[in-house]
1. Go through 15, 56, 80 for me and flag whichever is surrounded by 15 or more Cβ atoms within 10 Å (Cβ to Cβ), closer than 19 Å to residue 141 by Cα and among the aliphatic types (A, V, I, L, M).
2. Residue 68 - would you say it is modelled with pLDDT of 95 or more and crowded, with 16+ Cβ neighbours inside 10 Å?
3. So, of the residues in segment 201-227 that are polar (S, T, N, Q) and touching a residue at least 60 places away in the same chain (Cβ under 8 Å), which turns out to be surrounded by the most Cβ atoms within 10 Å (Cβ to Cβ)?
4. So how many residues does segment 83-94 have that are crowded, with 20+ Cβ neighbours inside 10 Å, under 15 Å from the mean Cα position of the chain (by Cα) and in a strand (DSSP E or B)?
5. Return yes or no: is residue 42 part of a loop (DSSP other than H, G, I, E, B) and surrounded by fewer than 16 Cβ atoms within 10 Å (Cβ to Cβ)?
6. Only one of these conditions is not met by residue 126: (1) surrounded by fewer than 24 Cβ atoms within 10 Å (Cβ to Cβ); (2) in contact with a strand residue (DSSP E or B) (Cβ under 6 Å, 6 or more places away or on another chain); (3) more than 20 Å from residue 249 (Cβ to Cβ). Which number is it?
7. Answer yes or no as to whether residue 78 is of a type outside the set (Asp, Glu), more than 19 Å from residue 23 (Cβ to Cβ), in contact with a Cys (Cβ under 6 Å, 6 or more places away or on another chain) and not in a helix (DSSP H, G or I).
8. One residue is enough: does segment 256-270 have a residue meeting the conditions under 21 Å from residue 127 (Cβ atoms), within 22 Å of the chain's Cα centre (by Cα), surrounded by 12 or more Cβ atoms within 10 Å (Cβ to Cβ) and of a type outside the set (S, T, N, Q)?
Amino acid sequence: MDDKHADTKRWLKGIPYEVAFWRSYYANRRRRADLFSWSLFGKACSLDNFDIDAFIGSWPDSNPLILDVGCALSYAFGNIINGEEARVEYVDPLAPFYNRILDDYGIERPRIKFGMVEQLSASYPEGSAAFIHIRNALDHCADPMEGILQSIKSLKVGGVLYLNHFRNEAVREAYRGFHQFNIDERDGKLTIWNPRESIDVEGKVKTFATVDCSVSDEGRIIAVIRKTAPVPDTLCNPEKTAKASAEIMIATVGHFHSFGSVVNYQFSRLTSTIGHRLIRLLPLSSLEKLKSLLRKG
């Protein structure tokens with residue numbers, strides 16, 4: 001099986017887990033209240049190790065486009081910048097599922113636009129955005145390095161791709177669901193890795209972007225990737241993106257054309273739903289102990 005198709009199929013298998021996670025959060029009023037208490041929607045944007053007020057304040061265009069990619073339903077990106085509501089669009093490949101959850105529970109939040117980070121330039125062509133925010137999402141996608149290239153492509157020159165992720169989350173989650181890649185800082189460099197490969201991001205983008213990688217006070221991996229020149233067409237171009245989109249569609253159709261895959265998907269949907277609903281009843285301390293046991297297993 002082609003490696004790209006294998007990654008896509010692994011990603012597809014993670015959909016029930018991810019959707020069940022968010023539905024269980026929104027179905028539980030106490031957990032939903034907790035979520036909204038730390039959600040930054042309608043609040044000032046504050047980012048670790050980066051002054052977004054200064055960046056947007058010095059941007060030559062008024063009201064530049066900001067993308068929150070792989071946003072899920074956390075609304076963790078503050079949309080008030082320099083005291084004004086910023087032009088933020090929320091983008092996620094599971095947008096239809098998430099918007100249905102918002103509708104089912106009557107939640108007043110901006111609806112999410114469909115988009116995959118690995119094909120982001122198809123939805124937001126080169127030079128569309130000034131700032132792209134990805135938090136706890138790049139390590140969930142089928143091809144994180146392609147997601148970085150696509151994001152840089154969608155930026156204007158001078159624009160910033162900002163990454164904020166838990167360190168080595170796939171290891172912590174025992175490579176379950178969407179957690180197939182780790183993001184780390186090694187000797188000051190942004191590194192994406194799993195048991196099959198390790199990627200030095202700066203080495204891949206140094207001819208058209210700079211990478212400033214740091215660790216937040218809470219131990220999160222922060223990367224500020226600033227576009228300095230157009231992304232070469234040999235790395236990211238419309239034809240390549242269109243072909244990749246078609247290949248993902250073919251892999252998806254092929255996966256769900258198999259009766260066994262459909263049965264496994266529906267079974268995973270059922271068990272994920274039950275599991276997440278039960279987990280929401282546990283105290284956070286007990287939940288961490290459970291995760292620790294799963295990692296050891």
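The values are calculated or read from the model by the stated rules, or taken from the named source; none is laboratory data. Fair warning: this is a prediction, and the values are worked out from it, not measured in the lab. Ideal geometry is used to build each Cβ from the backbone, glycine not excepted, and the neighbour counts take in all protein chains shown.
1. Numbers: 56 fails: closer than 19 Å to residue 141 by Cα; 80 fails: closer than 19 Å to residue 141 by Cα.
That would be 15, the only listed residue that is surrounded by 15 or more Cβ atoms within 10 Å (Cβ to Cβ), closer than 19 Å to residue 141 by Cα and among the aliphatic types (A, V, I, L, M).
2. Values: modelled with pLDDT of 95 or more: yes; crowded, with 16+ Cβ neighbours inside 10 Å: yes.
So residue 68 passes the test.
3. The initial filter retains those residues of segment 201-227 that are polar (S, T, N, Q), namely 207, 210, 214, 216.
Still in the list and also touching a residue at least 60 places away in the same chain (Cβ under 8 Å): 214, 216.
Working: 214: 15, 216: 13.
This residue is 214.
4. Residues that pass the stated criteria total 3.
5. On the way: part of a loop (DSSP other than H, G, I, E, B): yes; surrounded by fewer than 16 Cβ atoms within 10 Å (Cβ to Cβ): yes.
Answer is yes for this residue.
6. (2)
7. Values: of a type outside the set (Asp, Glu): yes; more than 19 Å from residue 23 (Cβ to Cβ): yes; in contact with a Cys (Cβ under 6 Å, 6 or more places away or on another chain): yes; not in a helix (DSSP H, G or I): yes.
Yes: the conditions hold for residue 78.
8. Start the filter on segment 256-270 by keeping residues that are under 21 Å from residue 127 (Cβ atoms), which leaves none.
No, because not a single residue in segment 256-270 is under 21 Å from residue 127 (Cβ atoms), within 22 Å of the chain's Cα centre (by Cα), surrounded by 12 or more Cβ atoms within 10 Å (Cβ to Cβ) and of a type outside the set (S, T, N, Q).
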